[in-house]
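Shown next, in C-alpha cells, is the structure this report addresses.
Values quoted throughout were computed directly from the atomic coordinates according to the rules given, and no laboratory measurement underlies them. All of these numbers come straight from a predicted model, not from anything done at the bench. Note that we place each Cβ from the backbone using ideal geometry, even for glycine, and neighbour counts take in every protein chain shown.
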Amino acid sequence: MTSDPFFRPVSGFDLPRFAGIPTFMRLPHLPDGHARHGDVQIGLIGVPWDSGTTNRPGPRHGPRQLRDASTMIRAQHPTTGMRPFEAVNCADLGDVGPNPADILDSLARITAFYDRVREAGIVPLTAGGDHLTTLPVLRALARRAPVGMIHFDSHTDLYHSYFGGTMYTHGTPFRRAVEEGLLDPKRVAMIGLRGTMYDTEDRDFARAEGIRLILIEEFHARGPEDVMAEARDIAGTGETYVSYDIDFVDPTFAPGTGTPEVGGPNSYQALQVVRGLEGVNIIGADLVEVSPPFDPSGGTAFLGASILFELLCVMARITSSS
C-alpha cells in the first residue's frame with residue numbers, strides 16, 4: 001500500500017520546524033468525526049489528563065509538549081529505512097476531551113472516543129496522560145475478546161486499590177483490565193520493573209494469573225534483544241496492545257515523569273526494545289506519563305516523541321501488510 005500524499009507530514013525542507021501549527025509529527029489534523037472509514041489507517045491521539053495520578057501531577061500537559069517535540073521527527077527511520085508516512089495514511093485525530101473534575105466520566109469519554117476510532121478501522125497510537133489512560137482504551141479495543149500486552153514500565157500497575165478503596169488510579173489499570181477480561185494474563189509481559197515497593201501484592205497477583213514479570217536485573221543481565229524475543233513469544237500471533245510508560249527509562253534520560261525509578265535503561269535501549277516488537281500483531285499502542293513540569297527543557301518529551309515514531313514504524317509495517 002502507498003499512502004495518500006494528503007496524509008504526509010510537512011517537510012522541514014518546506015517549512016521550518018519552528019513554524020506552523022504543531023500537530024503530531026506535522027501530520028494533518030482530522031478532528032474526531034472527520035476521519036472516515038478507510039481514510040486513515042493509523043491515528044495519533046492525545047489524552048490530556050492525569051486524574052489517576054497519586055503523587056506528582058503533570059501528565060495532563062504531556063500531549064501538548066509531545067506534539068511540539070514531535071515536529072522534529074523526519075520521514076525515514078535511520079536504521080530500517082522504514083518510511084511510515086508513505087506506507088500508510090496517518091493523521092493527528094486531536095485530543096479526547098476529559099472531565100478533570102470526574103474520573104469516571106473521563107473514563108467513559110475516552111472509551112467512547114476509541115469506540116469511534118475502532119469502528120472507523122483506525123489503529124490508535126496514543127500520547128497520554130497518566131497510565132490509567134490505557135484502561136478505557138482497552139475497554140474499546142478488547143470488546144470482542146481479551147488481548148495480549150507488552151508493557152514497558154518500572155511499575156506493574158497491578159495494585160488492587162489505593163487509599164482504602166480507590167479503584168481507579170495509575171497504579172491499578174491492569175488489575176482492572178485483567179478482572180474485566182480485557183487482557184489475557186498469560187499473553188502479558190511486563191518489562192523493566194524496579195524500585196522500592198509498598199509490598200508484594202501486585203507481583204503476587206501477577207504470578208497467580210500467569211503474567212510474566214521481567215525485573216530490571218534480568219533485563220540488564222540478558223539484554224534487550226533476548227528479552228524482546230521472549231516478549232514476542234509470549235504475545236504470540238494474537239492481537240496485542242503495547243503500553244509504554246516513560247518511567248521505564250532511567251530518569252537520567254527521562255526526568256520528566258511523576259514516579260521516576262533509578263537503574264533503568266538508557267535512551268538507546270528505550271528505542272531498541274520498540275524495534276524488538278517487529279512481527280507482533282499490534283492493535284494499538286500508547287506512550288504515557290510524560291510530565292512537562294518536571295522537565296521544562298523538553299528532553300523527556302523529545303525522547304517520548306522518538307519512541308512514538310519507533311512505535312509508528314512497527315505499526316505501519318504491520319498495517320500496510322494486512
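If Lys and Arg each add +1 and Asp and Glu each add -1, what is the summed charge of the other residues whose beta carbon sits under 15 Å from the beta carbon of MET25?
On the way: positive: ARG8, ARG17, ARG26, ARG64, ARG67, ARG74, ARG83; negative: ASP14, ASP68, GLU86, ASP92, GLU310.
Summing Lys and Arg as +1 and Asp and Glu as -1 gives +2.
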In nanometres, what is the gap between the two model label sites at THR237 and GLU217, each 7 Å from Cα along Cα-to-Cβ? 3.8
Whole-number Å³ per residue for the convex hull built on Cα positions in the range 22-115: 121
To make sure I understand, if each residue's beta carbon is the centre and we count other beta carbons within 10 Å, what order do MET228, MET149, MET82 fall in, fewest to most? MET82, MET228, MET149
For the chain, percent of DSSP beta bridges that are antiparallel (nearest 5) comes out at 5
Summarise the long-distance tail of P(r) for the chain by giving the % of C-alpha pairs beyond 25 Å. 44
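State whether the range 1-157 is rounded, prolate or oblate according to the following rule on the C-alpha gyration tensor (a ≥ b ≥ c being the square roots of its eigenvalues): a/c under 1.5 gives rounded; otherwise a/b larger than b/c gives prolate, and the remaining case gives oblate.
Details: a/c = 1.70, a/b = 1.40, b/c = 1.21.
Prolate is the answer for the range 1-157, as a/c is 1.5 or above and a/b outweighs b/c.
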Which value in nm describes the separation of the simple spin-label points at ARG74 and ALA145, placed 7 Å from the Cα toward the beta carbon? 4.2
Full extension from SER11 to MET197: what is 0.36 nm times the residue separation minus their Cα-Cα distance, to one decimal in nm? 62.4 nm
Under Karplus coefficients 6.51, -1.76 and 1.60, residue-wise ³J(HN,Hα) of the range 222-228 in Hz, glycine/proline x: 8, x, x, 5, 5, 4, 6
Just want the ordering: GLU310, GLU289, from fewest to most Cβ atoms lying within 10 Å of their own Cβ. GLU310, GLU289
Rounded, prolate or oblate: which fits the range 220-317 when a ≥ b ≥ c are the square roots of the eigenvalues of the alpha-carbon gyration tensor, with rounded for a/c under 1.5 and prolate only if a/b beats b/c? prolate
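Given 0.36 nm per residue, what is the gain on full extension from ARG64 to ASN266 after removing their alpha carbon distance, in nm? Let's see the in-between values first.
Values: separation 202, 0.36 × 202 = 72.72 nm, distance 2.42 nm.
The span from ARG64 to ASN266 would gain 70.3 nm if fully extended.
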Which of PRO293, PRO251, ALA231 sits closest to the plus end of the dipole of the range 221-322, meaning its Cα is farthest towards the positive end, when Lys and Arg get +1 and Asp and Glu get -1 on the C-beta? ALA231
A correct Karplus calculation of ³J(HN,Hα) over the range 147-152, with 6.51 cos²θ - 1.76 cosθ + 1.60, θ = phi - 60°, whole Hz and x for Gly and Pro, returns 10, x, 8, 10, 10, 9
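Pairs of Cα atoms under 8 Å, at least six residues apart: use those to get the relative contact order of the chain, whole percent. Kindly include the intermediate steps, with their values, before the conclusion.
Details: 702 pairs, mean separation 68.0, N = 322.
The normalised contact order for the chain reaches 21 percent.
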Quick one: if the Förster radius is 25 Å, what FRET efficiency do GLU119 and GLU180 give, using the C-beta to C-beta distance and rounding to 0.05? 0.80
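Can you bin the range 194-247 into rounded, prolate or oblate? Criterion: square roots of the alpha carbon gyration tensor eigenvalues sorted a ≥ b ≥ c, rounded for a/c under 1.5, prolate for a/b above b/c, oblate for the rest. Walk me through the numbers before you get to the answer.
On the way: a/c = 1.76, a/b = 1.26, b/c = 1.39.
Here the range 194-247 falls in the oblate category.
Would you list MET72, MET25 from fewest to most Cβ contacts within 10 Å? Before the final figure, lay out the partial values.
Values: MET72 16, MET25 25.
The most exposed by this proxy come first: MET72, MET25.
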With +1 on the Cβ of every Lys and Arg and -1 on the Cβ of every Asp and Glu, and nothing else charged, how large is the dipole of the chain about its Cα centre, in debye rounded to the nearest 20? 740
